[in-house]
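Have a look at the structure below, then the notes.
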Amino acid sequence: MKRQDSRKGLVKLLQLAYSAEMGAALAYRGHWHSLVTASERAEVRHIEAEEWLHRREVGALLRDLAVHPRLSYEIKFFLIGSVLRGLCNLAGWFWPMYGAGRLESRNYREYAQAADYAFECGQTDYVNCLLGMAETEWDHECYFRGKVESHLWHKFIPMWEETAPKASIRQNYRFHQNLSSPASLPQSKLAA
């Protein structure tokens, strides 16, 4: 893939992720408010906080690339997140857990793809941050998968595709450079 095409792919995925993180965080706010047990409320509330953090981190990458979020994505995901937030009280326990797990399984793959694009277009300082976000989304998917599999209904509802082991997220990058350090953005990008 040409460097310019990789940059376009990276920008598109980052714009999508920036808005989707807002939608997810709004939905999770409704989700944790609807939960009965204190431990589940705390766990989903923590996931919401990680989604807001990802939005800030992706926003810093967009600013560094001198690109703005897409207004159409912002509107779309604000509406989706707001609707899902309201539906969590009506949908019971199972369906919000199932929907969240299914979406998170896609999210971690998109961040890994964004890391590929970043590497291909020469933005290697983004790779570790993007892989770290992919790993966090992988954790979210595993959390929700475990919740869904603990429910009797999971035997009757088709599960989404099984995720690869978490270690596989970083495997492709160890050959290119040392990316085993914790995921982070340079402070100068976050402060912008």
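The values are calculated or read from the model by the stated rules, or taken from the named source; none is laboratory data. The shown structure was predicted, so the numbers you read here are calculated from the model rather than taken from an experiment. Heads up, the Cβs are rebuilt from the backbone with ideal geometry, glycines too, and the neighbour counts pull from every protein chain shown.
A few notes on this one:
- All positions within segment 78-112 that are farther than 30 Å from Phe156 by Cβ and surrounded by 18 or more Cβ atoms within 10 Å (Cβ to Cβ): Tyr111, Ala112
- Listed by first and then second residue, the pairs linking a residue in segment 1-20 that is in contact (Cβ under 8 Å) with a residue 24 or more places away in the chain and on the phi > 0 side of the Ramachandran plot to a residue that is in a helix (DSSP H, G or I) and of a type in the set (Val, Ile, Thr), with Cβ atoms under 6 Å apart and 6 or more places separating them unless they lie on different chains, form an empty list.
- In the set (1) over 27 Å from Val127 (Cα atoms); (2) surrounded by fewer than 18 Cβ atoms within 10 Å (Cβ to Cβ); (3) in contact (Cβ under 8 Å) with a residue 24 or more places away in the chain; (4) not acidic (Asp, Glu), the condition left unmet by Ala42 is number (3).
- Note on segment 128-158: residues that are of a type in the set (A, V, I, L, M, F, W, C), at pLDDT below 90 and touching a helix residue (DSSP H, G or I) at 6+ places or on another chain (Cβ under 7 Å) total 2.
- Members of segment 8-21 found to be modelled with pLDDT of 95 or more and either of a type in the set (D, E, K, R) or under 16 Å from the mean Cα position of the chain (by Cα) (or both), listed by number: Lys8, Leu10, Val11, Lys12, Leu13, Leu14, Gln15, Leu16, Ala17, Tyr18, Ser19, Glu21
- Check on Tyr73, touching a residue at least 12 places away in the same chain (Cβ under 8 Å), out of contact with any Phe, Trp or Tyr (no Cβ under 6 Å at 6 or more places or on another chain) and crowded, with 16+ Cβ neighbours inside 10 Å: yes
- Filtered residue count, segment 12-36, keeping only those that are among the hydrophobic types (A, V, I, L, M, F, W, C), surrounded by fewer than 20 Cβ atoms within 10 Å (Cβ to Cβ) and assigned to a helix (DSSP H, G or I): 2
- Considering segment 124-166, and only residues there that are assigned to a loop (DSSP other than H, G, I, E, B) and β-branched (Val, Ile, Thr), the residue that is surrounded by the fewest Cβ atoms within 10 Å (Cβ to Cβ) turns out to be Ile157.
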